């Protein structure tokens, strides 16, 4: 994990944090090498099948790190489609991310548009360093997504997810809620201060 310089304003530093996810928390990732849609509405029939897919860490693309404003994708050379230049290319990215915190069994799903800003290569893989510029929301009545700009806002869910990864690494668990959530029932019971069972006198 790398972070931004301490000389940057706080908000800029926050969007520049790069979090490397631990194994098991990136449930699904898919990538489409497409031109950005001229229409805000992106039908699934137009989007088509992804060019790269991984599930539970197995497949043709790896989320190497992320921040609220960008992601780095690692792709084996054998899976990367040919292109004259990748810098400035546009991608659609789907992420399904699990919370890394013990006992928190939630996932967040994101559909994002990204611009490739730089590349790096080693003997086996190419890394696509991407700036997030769009986000898609699913249409509840049609098989399509509505895209809108996030170039200045970033992705809050990626910030929260990154914070959870950092907290997990430091052994800091979330505070127990005053209410009850069935999703965390066993953890809630484990943290209860239950009274000792009263000693029962033997009956005669």
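Values computed for the structure shown
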{"item": "Hits in region 18-57 (condition: surrounded by fewer than 18 Cβ atoms within 10 Å (Cβ to Cβ), part of a loop (DSSP other than H, G, I, E, B), out of contact with any strand residue (DSSP E or B) (no Cβ under 6 Å at 6 or more places or on another chain) and touching a residue at least 60 places away in the same chain (Cβ under 8 Å))", "result": "22, 24"}
{"item": "From 177, 149, residue being modelled with pLDDT of 90 or more and exposed (fewer than 13 other Cβ atoms within 10 Å of the Cβ)", "result": "149"}
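The values are calculated or read from the model by the stated rules, or taken from the named source; none is laboratory data. None of these values were measured; they are calculated from a predicted model. All Cβ positions, even for glycine, are placed from backbone atoms using ideal geometry, and neighbour counts span all protein chains on display.
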